[in-house]
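Before any comments, here is the structure.
All of the numbers you see were taken from the coordinates with simple rules; none came from a lab. Remember, predicted model here, so these are calculated numbers, not experimental data. Cβ placement follows ideal geometry from the backbone for every residue including glycine, while neighbour counts extend to all protein chains displayed.
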Amino acid sequence: GCIGISSICQVRATVMLYDDNNKRWVPAGSDSPSFSRVQIYHNPTANTFRVVGRKLQADQQVVINCPIIKGMKYNQATPNFHQWRDPKQVWGLNFGSKEDAALFANSMTGGPCIS
Ligand SMILES: CC(=O)N[C@@H](Cc1ccccc1Cl)C(=O)N1CCC[C@]12C=C[C@@H]1CC[C@@H](C(=O)N3CC[C@@H]4C=C[C@H]5CC[C@H](C(=O)O)N5C(=O)[C@H]43)N1C2=O
């Protein structure tokens with residue numbers, strides 16, 4: 001059958017970006033920090049992974065669309081705030097619950113990432 005790209009994990013989190021100039025975290029996307037539905041997509045054919053997040057609000061703005069490089073370090077800074085670096089920026093996820101955080105971390109470290 002067709003082995004398409006599938007979502008392996010879905011959580012609620014506020015997606016943050018680190019503003020290196022001002023040394024502070026800023027919410028990803030245009031408006032104030034608010035929850036997004038964050039999913040990890042797996043492409044089994046290429047064995048690649050991607051994190052995609054869309055605002056839960058009406059506009060469903062895509063606030064993260066980040067390929068996950070194999071072997072990337074996934075840092076669980078706190079039980080509720082996890083982060084990783086991509087070539088251009090540092091992403092942070094402030095999870096809605098510790099259960100969501102653990103679910104996401106398991107998918108990331110069980111998949112492409114090292115912890
Ligand atoms: C060597 C390195 O890159 N280290 C990274 C973490 C990391 C380690 C290993 C792999 C990947 C990563 Cl991103 C690192 O320490 N970074 C990345 C940019 C910002 C930061 C560098 C310095 C600061 C020190 C405090 C920590 C931080 O930003 N934290 C810790 C967890 C805490 C949780 C939530 C966010 C939300 C608001 C709050 C704040 O900024 O006031 N905050 C923080 O203060 C977060 N910091 C960081 O996370």
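Taking the chain as a Gaussian network, Cα atoms linked when under 10 Å apart, which of Asn80, Asn43, Asn94 shows the biggest mean-square fluctuation? Fluctuation is largest for Asn43. Note on Lys55: aspartates and glutamates with a C-alpha under 16 Å away, same-chain residues under 8 apart excluded, are Asp31.
Note: relative contact order over segment 1-79, using C-alpha pairs below 8 Å and six or more positions apart, is 25 percent. For the listed peptides 69-77, 102-110, a ranking on the average number of other beta carbons within 10 Å per residue, highest first, reads 102-110, 69-77. Within a straight-line Cα-Cα reach of under 14 Å, Lys73 can be paired with the following aspartates and glutamates, leaving aside sequence neighbours fewer than 8 residues apart in one chain: Asp86. Annotation: extensible slack from Arg37 through Lys88 equals 16.1 nm (criterion: 0.36 nm per residue apart, minus Cα-Cα distance). Counting only Cα atoms, the size of the chain along its three principal axes is 47, 32, 28 Å, in decreasing order.
Excluding same-chain neighbours fewer than eight residues apart, the aspartates and glutamates reachable from Lys88 by a Cα-Cα span under 13 Å are Asp19, Asp20. Given a Förster distance of 25 angstrom, what is the FRET efficiency for Ser97 paired with Val62, based on the Cβ-Cβ distance and rounded to 0.05? Once rounded, the FRET efficiency stands at 0.65.
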